[in-house]
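Undergrad: To start, I am sharing the structure in question, which I have written as structure tokens.
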Amino acid sequence: AQSVSQHNHHVILSEAASLELGCNYSYGGTVNLFWYVQYPGQHLQLLLKYFSGDPLVKGIKGFEAEFIKSKFSFNLRKPSVQWSDTAEYFCAVNAHGNTGKLIFGQGTTLQVKP
Amino acid sequence: DTAVSQTPKYLVTQMGNDKSIKCEQNLGHDTMYWYKQDSKKFLKIMFSYNNKELIINETVPNRFSPKSPDKAHLNLHINSLELGDSAVYFCASSHHRTGLSGNTIYFGEGSWLTVV
């Protein structure tokens with residue numbers, strides 16, 4: 001069965017610090033990978049996605065993620081966080097041929113201190 | 001214009017009641033979903049419909065019954081509500097694609113259900 005693991009449950013950073021959130025998945029086949037963000041009291045918004053091609057993908061608001069197939073990882077990065085990045089971040093995996101069934105990680109709460 | 005809209009956004013109800021959550025998308029997608037987010041913020045798929053046909057049905061109590069009158073609507077009806085049903089329910093939609101083209105899933109704003 002597929003699973004997604006996010007290593008950091010709660011991250012606290014100061015503004016301008018660099019961010020890296022870990023995400024590993026377990027699935028032997030080809031996958032599509034996503035990072036979603038959920039601001040307090042709001043819905044899930046897509047930050048970025050990887051389907052194929054360049055393993056380094058850039059998303060909105062200065063976020064990027066790198067797919068490392070050999071490590072089954074899709075870590076999220078941002079060079080300099082802002083207070084407005086305070087939110088819950090979810091990594092998700094969708095196996096090819098299993099359309100729509102996103103398997104989510106348990107989420108990482110990011111708190112950015114001004 | 002809201003792409004995936006759900007109503008109501010907040011719902012407080014007593015145990016044993018029956019309630020419905022409605023969802024509509026104006027993205028022209030052919031596939032719609034219901035996801036549940038529990039109190040620990042864990043998200044899990046419940047159902048998926050493609051062109052009004054049920055294609056994913058996870059292990060969900062049969063008190064939960066989705067209904068899709070057309071491909072732009074997917075409603076969730078819950079019978080005999082229990083305390084454990086308290087959660088945020090997210091509707092979502094996408095095109096039905098597999099493989100390298102993938103499918104990006106767009107979520108609604110969520111419906112906060114509290115059962116007392």
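The values are calculated or read from the model by the stated rules, or taken from the named source; none is laboratory data. Just so it is clear, the structure is predicted and the values come from calculations on it, not from any experiment. No Cβ is skipped: glycine too gets one built from the backbone with ideal geometry, and neighbour counts run over all protein chains shown. Just so you know, the surface numbers come from the protein's heavy atoms only, side chains and all, with ligands and any DNA or RNA stripped out. Shrake-Rupley method; radii C 1.70, N 1.55, O 1.52, S 1.80 Å.
Undergrad: With a 1.4 Å probe and every protein chain kept in, tell me what percent of the accessible surface of the protein assembly as shown is carbon plus sulfur.
TA: Values: 5400 of 10690 Å².
Carbon with sulfur: 51 percent of the solvent-accessible area.
Undergrad: Sticking with this structure for a sec: Pairwise over distinct Cα atoms, reciprocal of the mean inverse distance: report the Kirkwood radius of chain A in Å, one decimal place.
TA: 14.1
Undergrad: Using the Cα centre of chain A as the reference point, and only Cβ charges (+1 on K/R, -1 on D/E), how large is the resulting charge dipole? Debye, rounded to the nearest 20.
TA: Dipole size: approximately 160 debye.
Undergrad: Within the P(r) computed for segment B:4-115, what percentage of the Cα pairs occupies the region above 26 Å?
TA: In whole percent, the long-distance tail amounts to 14.
Undergrad: Continuing with the same structure: Quick one: accessible area per residue over chain B, 1.4 Å probe, rounded to a whole number of Å²?
TA: 49
Undergrad: Counting heavy atoms of the protein chains only and a 1.4 Å probe, report the per residue accessible area for chain A as a whole number of Å². Can you show the working numbers first?
TA: Details: 4980 Å² over 114 residues.
I get 44 Å² per residue for chain A.
Undergrad: Another question, then. So if R0 is 22 Å, what FRET efficiency would B:Thr104 and B:Ser20 give, r being the distance between their Cβ atoms, rounded to the nearest 0.05?
TA: 0.20
Undergrad: Give me the lysines in straight-line cross-link reach of A:Lys69: C-alpha distance below 20 Å, same-chain residues under 8 apart excluded.
TA: A:Lys49, A:Lys58
Undergrad: While we're looking at this one, here's another question. Total Å² of accessible surface buried at the B-A contact, 1.4 Å probe, nearest 100?
TA: 2100
Undergrad: Expressed in whole Å with the largest first, what are the equivalent ellipsoid semi-axes of the protein assembly as shown derived from the C-alpha gyration tensor as the square root of 5 times each eigenvalue?
TA: Calculated on Cα positions only, the semi-axes equal 29, 21, 15 Å.
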